[in-house]
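Taken together, the values in this text are just the output of simple stated rules run on the coordinates, not laboratory data. These numbers come from a predicted model, not from an experiment. Neighbour counts run over all protein chains shown; Cβ positions are idealised from the backbone, glycine included.
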Amino acid sequence: MKINYDKRKMDVGGNELEAVEKKVLRLAKFFDDDAAADVRFSENRGKVTAEITARSNRMVFRAEEKAEDVLSATDGAVEALSRQIRKNKTRLEKRLRSGAFERAVAEAPAESDELVRRKQFELRPMSEQDALLQMDLLNHEFYVFKNSDAANAVCVCYKRRDGGYGIIETV
C-alpha cells in the first residue's frame, strides 16, 4: 500500500510519521498491493484532524478523526475505516483483496458567497446500489454517478432527513 502525506500547516516529526505509517499499514490486509492511502493532517483550535482516504479497485474509503495529538487522531481514523469495511463486509467481498475477511478521509466555513473549492472526478458507470454503498463509505450526504441501469444517465443519490435515500435522475 502506497501512503501519501499532506501536513497542512503542521510539523509532524519523523518518529510520528513512522508510527502513523505503521498504523495505516494495518489497513493493507483489506486491499490489493496497488492500493493507495492519502493521509492529511491539519490543526484547528488545538485539535489535530487526521483524514485518511484509501483508494483500491475504483472504490474510495474515507474516515476523519479529531483528537489531541497526531497518533490518537490517526488511531481513530484507522479504526473508523476498519469499522466501515467490516460493516459492509458482504457487499465489499468481491471488490477487496481475496481473503481480506478471513481474519477477524476540515475546511473552514466560507464567510462570503464566493466559490471556495472546485473538485473534478471521473464519473464511472455503476448501479444505484453501488452508488449508495460508495456514498456510505465516503460518509457523504450525496453522491454523483452514471447510472448503468438507466443508459448511463447522470444521477445523484442522497441521504434523506428521515433516514432513507433518494435518487435524482437527469432526463
Q: Show which aspartates and glutamates lie in cross-link reach of Lys146 when reach means a straight Cα distance below 12 angstrom and same-chain residues fewer than eight apart are skipped.
A: Glu122, Glu128, Asp130, Glu169
(Q) Beyond a 26 Å Cα-Cα separation, which of these cross-linked pairs lie in this structure: Lys29/Lys66; Lys2/Lys159; Lys87/Lys119; Lys22/Lys159? (A) Lys2/Lys159; Lys87/Lys119; Lys22/Lys159
**Q.** Where N is the number of residues in region 125-169, Cα Rg divided by 2.2 N^0.38 Å
**A.** 1.04
Q | Environment charge at Ala36 (Cβ cut-off 9 Å; Lys +1, Arg +1, Asp -1, Glu -1) | A | 0
(Q) Once you place label points 7 Å from the Cα toward the Cβ at Glu43 and Ser148, how far apart are they in nm? (A) 4.5
**Q.** Candidate aspartates and glutamates for bridging to Lys47, where Cα separation is under 19 Å - those fewer than 8 sequence places away on the same chain excluded
**A.** Asp6, Asp11, Glu16, Glu64, Glu65, Glu68, Asp69, Asp75, Glu79, Glu107
